[in-house]
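Notes for the one structure printed next.
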Amino acid sequence: MCFAIPSRIIAYDADNQMARINTLGRQREVSTHLILDALAVGDYLLIQSGFAMEKISRERALDSLELYQQLIQEMEAGEA
């Protein structure tokens with residue numbers, strides 16, 4: 001099972017359809033070839049195996065990231 005953690009676009013190269021994303025403080029490059037929606041810096045994506053699979057709303061992304069942060073804190077505290 002794979003979990004797609006929302007990732008925010010921090011740089012976007014529309015010509016090459018590549019984005020630099022931030023996922024929980026880590027940065028990496030991903031392909032956006034599979035996304036038909038217009039993309040811009042600040043948008044949120046769900047990533048799978050180096051490819052952006054879906055553009056999601058800011059609200060949905062922030063809700064999900066809040067849950068991930070809670071889970072991380074519980075794991076670090078030995079509660080999960």
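Key figures for this structure:
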item: Any chance residue 10 is among the hydrophobic types (A, V, I, L, M, F, W, C) and within 11 Å of the chain's Cα centre (by Cα); result: yes
item: Residue in the stretch 58-76 that is in contact with a Pro (Cβ under 8 Å, 6 or more places away or on another chain), open to solvent by 80 Å² or more (accessible area, probe 1.4 Å), outside any loop (DSSP other than H, G, I, E, B) and of a type outside the set (Asp, Glu) present; result: yes
item: The stretch 1-36: number of residues that are among the aromatic types (Phe, Trp, Tyr) and surrounded by 12 or more Cβ atoms within 10 Å (Cβ to Cβ); result: 1
item: Selection within the stretch 1-49 - of a type in the set (Val, Ile, Thr) and either under 14 Å from residue 64 (Cβ atoms) or part of a loop (DSSP other than H, G, I, E, B) (or both); result: 5, 23, 32, 35, 41, 47
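The values are calculated or read from the model by the stated rules, or taken from the named source; none is laboratory data. Note that the structure is a prediction, hence the values are computed from the model and not measured. Don't worry about glycine lacking a Cβ; one is built from the backbone with ideal geometry, like all the others, and counts go over all protein chains shown. Surface areas here come from the heavy atoms of the whole protein model, side chains and all, with no ligands, DNA or RNA. Shrake-Rupley method; radii C 1.70, N 1.55, O 1.52, S 1.80 Å.
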